[in-house]
Amino acid sequence: MQDKLKWNAIGLVKKTRTLKKYVEIERNDVPVDHTKKYATLSGFLVELNHILEQMEKIKKIIIPKLEDLFRLTFPTPELVMFALARPSIRNIFEDLSTHFKDDANRPLREEELIELASSGDAAVVLALIGDAALDLAIVQILWDSSLSTTGELTTKRKNVASNKNLAIYCEEWGLYSCRLNRLKANPIEDPKIETLEHIKGTLVESILGVVYIEFGLKELLRIVPLIQ
């Protein structure tokens, strides 16, 4: 049985840059009267530029901030980018995969585009791992051997792990503004506070999922008090 979870890097930034360069070249070669194709390629470039800009923010702002706060160095920084990827990112890479379907010179294989499209799914899994690991860490930290306090443990755990509490740290860490999402994704109109708190809480859980995968429960136990 594997005693430690592991997730290999796929070259998220490098492959996204490769796609952008290829699309730029293709767009520059489009005849002036092919306005529809030009518009399609321009749309791809807008999305890819947005994703790359967000990746740069994560690399230069979010990762150093978290490493300083947690007093650790992420062995696989790409996992932090996965943690901040949203499901809508799948659409842009799937659209590109469809566009390149009959292109023998496309820069990435179909399997690589599928991996890129799965970034949002990776974030969901990281949040699931982070949620479970957080519960376990909180129980260990708050554990009291007295049976008379078991009810208090449940209440304290709910307070720490609540979306309302986690959303506070999402803002402090700057995660929400650095999400990897598609610009054309349908925005939430007048989102409820609970909805925003859920989104932000999930981002924090995803980051904690990265910590658990990279360093295990021991380091997570050291970090969880920061969000109490």
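Here are some notes:
- Qualifying residue in the stretch 96-106 (condition: of a type in the set (A, V, I, L, M) and in a loop (DSSP other than H, G, I, E, B)): yes
- Listed conditions (1) more than 28 Å from HIS198 (Cα to Cα); (2) of a type in the set (D, E, K, R); (3) touching a residue at least 12 places away in the same chain (Cβ under 8 Å) are all met by ARG86, apart from (1).
- If the condition is being among the basic types (Lys, Arg) and surrounded by fewer than 18 Cβ atoms within 10 Å (Cβ to Cβ), then the stretch 88-120 contributes LYS101, ARG109.
- Single residue of the stretch 17-36 satisfying the filter (among the aliphatic types (A, V, I, L, M) and over 32 Å from the mean Cα position of the chain (by Cα)) that is nearest to PRO107 (Cα to Cα): VAL30
Residues checked against (1) farther than 20 Å from ILE51 by Cβ; (2) at pLDDT below 85; (3) under 15 Å from the mean Cα position of the chain (by Cα):
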site: ARG109; (1), (2), (3): no, no, no
site: ASP121; (1), (2), (3): no, no, yes
site: ALA132; (1), (2), (3): yes, no, no
site: THR150; (1), (2), (3): yes, yes, no
site: ARG157; (1), (2), (3): yes, yes, no
site: TYR176; (1), (2), (3): no, no, yes
site: ASN181; (1), (2), (3): no, no, yes
site: ASN186; (1), (2), (3): no, yes, no
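- Taking each residue of the stretch 61-80 that is outside any loop (DSSP other than H, G, I, E, B) and looking for partners that are of a type in the set (Gly, Ala, Ser) with beta-carbon atoms closer than 7 Å, six or more apart or interchain, yields ILE61/GLY174; ILE62/GLY174; LYS65/GLY174; GLU78/ALA9.
- Scanning the stretch 91-109 for residues that are farther than 14 Å from THR40 by Cβ and aromatic (Phe, Trp, Tyr) turns up just one, PHE93.
- Pick from the stretch 150-179, criterion of a type in the set (D, E, K, R) and free of Cβ contacts under 8 Å to residues at least 24 places away in the same chain, ranking: nearest to ILE63 (Cα to Cα): GLU172
- Filter pass, LEU48 being surrounded by 14 or more Cβ atoms within 10 Å (Cβ to Cβ), at pLDDT 90 or above, more than 19 Å from GLU214 (Cβ to Cβ) and not acidic (Asp, Glu): yes
- Among the residues of the stretch 23-49, those identified as polar (S, T, N, Q) and either in contact with a Cys (Cβ under 6 Å, 6 or more places away or on another chain) or over 22 Å from ARG86 (Cβ atoms) (or both) are ASN28, THR35, THR40, SER42.
The values are calculated or read from the model by the stated rules, or taken from the named source; none is laboratory data. None of the values given here were measured: they were computed from a predicted structure. Positions of Cβ are backbone-derived with ideal geometry, glycine not excepted, and every protein chain shown enters the neighbour counts.
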